[in-house]
Amino acid sequence: MIKKVLIFVFLMAGLSLLEAVDNSKGATIFNERGCVMCHANDVDMIGPSIRTIGIRYSGNENALVSYLKGQGQPIIYPERDAMMRPQLMKIGNLYEEEYRSLARYMIQAFMRVDF
Ligand code: HEC
C-alpha cells in the first residue's frame, strides 16, 4: 500500500517537473519575441499584466491558444486590440506545443513563488 502511494507521489512530482520545463519554453518565447515590452508581470501597462492575463484565462488554456494563433476574440481590452494584433504575427510560426507552452506560461506564471 505504502509502496503504491510512494509511486503515485513520485509520478505526480515527475509530472509537475515536466510541466515546469514545458513552461520555461513559453517563458523564453515571451521574453525573446518582445512581449515584455508591453506586458509586465504585475502592472497593467500598454497591455494587461501577465497576472491579469493569467487570471482572466485561468482554466481556459484552449481559448488563449486560439487567441495566440489569431483565431480567437480578445476578452481583456478589446478596444485596444488593434495594438496587439500585429504582435501576433511575431508568433505566427510557432508549433502547436509552443503555443500551448506560451499559453500555460501566461496562465500559471503568477502562481509561482518566484514570480
Ligand atoms: C506594442 C505593445 C504590445 C506587445 C509588444 C505585445 N502586446 Fe499583447 N497586448 C497589447 C495590448 C495593448 C493588449 C490589450 C488588447 C487586448 O486585450 O486584446 C494586449 C493583450 C494581450 C493579450 C490578451 C488578449 C485578450 O484576450 O484580451 C495576450 C494574451 C497578449 N497580449 C499576449 C502577447 C504576447 C504573447 C506577446 C508577444 C508575442 C505580446 N502580447 C506582445 C500590447 C502588446
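If you check Arg56 against the conditions, is it more than 15 Å from the chain's Cα centre (by Cα) and basic (Lys, Arg)?
Working: more than 15 Å from the chain's Cα centre (by Cα): no; basic (Lys, Arg): yes.
Taking the combined requirement at face value, the residue does not satisfy it.
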Can you tell me which residues in the range 92-115 are part of a loop (DSSP other than H, G, I, E, B), in contact (Cβ under 8 Å) with a residue 40 or more places away in the chain and farther than 12 Å from Arg33 by Cβ?
-> Phe115
With the checklist (1) farther than 17 Å from Phe115 by Cα; (2) touching a helix residue (DSSP H, G or I) at 6+ places or on another chain (Cβ under 6 Å); (3) more than 6 Å from the ligand (Cβ to nearest atom) in hand, flag the one item Ile76 doesn't pass.
-> (3)
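Quick one: in the range 66-91, which of the residues that are hydroxyl-bearing (Ser, Thr, Tyr) and part of a helix (DSSP H, G or I) is nearest to Pro48 (Cα to Cα)? Spell out how you get there, then give the answer.
Taking the range 66-91 first, the residues hydroxyl-bearing (Ser, Thr, Tyr) are 66-67, 77.
Checking the rest, the ones that are also part of a helix (DSSP H, G or I) come to 66-67.
Working: Ser66: 18, Tyr67: 15 Å.
Among residues in the range 66-91 that are hydroxyl-bearing (Ser, Thr, Tyr) and part of a helix (DSSP H, G or I), the one nearest to Pro48 (Cα to Cα) is Tyr67.
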Contact list, first residue from the range 28-39 and at positive phi, second anywhere and within 6 Å of the ligand (Cβ to nearest atom), beta-carbon distance below 9 Å, six or more apart or interchain, is Gly34/Gln87; Gly34/Lys90
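May I ask you to say which residue of Ala40, Ala27, Ala103 is touching a Phe, Trp or Tyr at 6+ places or on another chain (Cβ under 7 Å), among the small types (Gly, Ala, Ser) and surrounded by 13 or more Cβ atoms within 10 Å (Cβ to Cβ)?
Numbers: Ala40 fails: touching a Phe, Trp or Tyr at 6+ places or on another chain (Cβ under 7 Å); Ala103 fails: touching a Phe, Trp or Tyr at 6+ places or on another chain (Cβ under 7 Å).
Among Ala40, Ala27, Ala103, only Ala27 is touching a Phe, Trp or Tyr at 6+ places or on another chain (Cβ under 7 Å), among the small types (Gly, Ala, Ser) and surrounded by 13 or more Cβ atoms within 10 Å (Cβ to Cβ).
Quick note: the coordinates plus some simple rules give every number you see, no bench work behind them. For clarity, every value in this text was computed on a predicted model and none was experimentally measured. Neighbour counts run over all protein chains shown; Cβ positions are idealised from the backbone, glycine included.
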